[in-house]
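The values are calculated or read from the model by the stated rules, or taken from the named source; none is laboratory data. Quick caveat, the model's predicted, so the values are computed rather than measured. Reconstructed Cβ throughout: ideal geometry from the backbone, glycine too, with neighbour counts over all protein chains shown.
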Amino acid sequence: MELSQVGEFGLIQRLRSIVGEPGDGEVWIGDDAAVLRAPSGTILFTTDLLVEGVHFDTGFTGPEDLGYKSIAVNVSDVAAMGGVPRRAVVGLGVVPGLEVEWIENLYLGMQQCCQEFDMAVVGGDLTRSDQIIISVALLGNPAGRLFIERGNARVGDAVCVTGTLGESAAGLRLMRQGNRERLDLLKAHLRPTARVKEVQALRRHLPSAMVDVSDGFCADLGHICAASSVGVLIQESDLPVVELEGVELEESPLQLALAGGEDYELCYTIPEDRCEAAMAAVTQATGTRVTKVGEVVEQSRGRVLLIESAEHPLEMPGWDHLRV
């Protein structure tokens, strides 16, 4: 069976059956970060891989921005579990002939991101490769023993999302066009904001499930649904979609929001009676907008997008590394 037949998430499930079940109080394969028990408490552990030609193009992504993003995407995974980042190690595959200054600037970008979150790169490995490969593994801590999984959403919970959806995808498409007029959209793609500060305010209100929007809102909300055995009802008019005035792209703002990916916003569920207070707390503490976009429903209802009262299946695929 070829990889394209099972896809990225099908492969993850097959590997999950091989590595076995997690220990008591731990979370392994299948969430944004692993949760591990240590003698002094609980740690979060995650990793991300960026490959030239798949995740980035050096033709329009400079080394500092790439370094920043390589750390930020891991920080976002830790944030999605309710944690804060602490230490990282970097594995780097480099092409022979690559300028030393390029690698130095890559690490300068990493350091800029680390400084924002009071964390550090503490080691790693370097090897020769046919293309540039950046692998970051990151350790973090939850708040005490509290961490937030994907699998605890309950029927009746509100579905909320931070920030704006689709900006990163729009920025990527503009860069491919050679259009650099909308710097806000370019920055959203090149230097995404990991929502660590937002989580620090949010977790006091006990969200039931959470994921970061890396593969696309539709796909990532689908991970919560699958893990929690629930459905969702999303109101299209409530989605905080990217504003594209003066920009010509093939996709609509809604398409970019649902399937664009790499926003690194937080999508979470929370009991309805705590929803308004939680949204207000996050905005007051950080200035970040939080939007209620729908509700959790019975699994039998499926995943539904309401557009002017008409029901549509919420099935846009998002990003899958292994499907072609």
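Annotations
- Screening Gly294, Gly302, Gly287, Gly260 for residues that are in contact (Cβ under 8 Å) with a residue 12 or more places away in the chain, out of contact with any Leu (no Cβ under 6 Å at 6 or more places or on another chain) and closer than 24 Å to Ile148 by Cα leaves exactly one candidate, Gly302.
- Filter pass, His205 being under 29 Å from Val89 (Cα atoms), surrounded by 15 or more Cβ atoms within 10 Å (Cβ to Cβ) and assigned by TED's automatic domain parsing to the domain that holds Cys267: no
- Scanning the range 117-144 for residues that are part of a strand (DSSP E or B) and in contact (Cβ under 8 Å) with a residue 40 or more places away in the chain yields a count of 12.
- Filtering the range 241-261 to residues that are loosely packed, with under 15 Cβ neighbours inside 10 Å and small (Gly, Ala, Ser) leaves Gly246, Ser252.
- Residue match in the range 130-141 (condition: over 21 Å from the mean Cα position of the chain (by Cα), more than 27 Å from Glu272 (Cα to Cα), assigned by TED's automatic domain parsing to the domain that holds Ile71 and buried (at least 21 other Cβ atoms within 10 Å of the Cβ)): yes
- Residue that is nearest to the chain's Cα centre (by Cα), among those in the range 242-274 that are in a loop (DSSP other than H, G, I, E, B) and among the β-branched types (Val, Ile, Thr): Val242
- Residues that are among the hydroxyl-bearing types (Ser, Thr, Tyr), in contact (Cβ under 8 Å) with a residue 40 or more places away in the chain and under 22 Å from Gly82 (Cα atoms) were ranked within the range 31-67; the one that is surrounded by the fewest Cβ atoms within 10 Å (Cβ to Cβ) is Thr47.
- The one condition in (1) in contact with a helix residue (DSSP H, G or I) (Cβ under 8 Å, 6 or more places away or on another chain); (2) surrounded by 14 or more Cβ atoms within 10 Å (Cβ to Cβ); (3) modelled with pLDDT of 95 or more; (4) of a type outside the set (Phe, Trp, Tyr) that Val297 fails to fulfil: (1)
- Any chance Thr291 is in contact with a Ser or Thr (Cβ under 6 Å, 6 or more places away or on another chain) and either assigned to a strand (DSSP E or B) or over 13 Å from Leu165 (Cβ atoms) (or both): no
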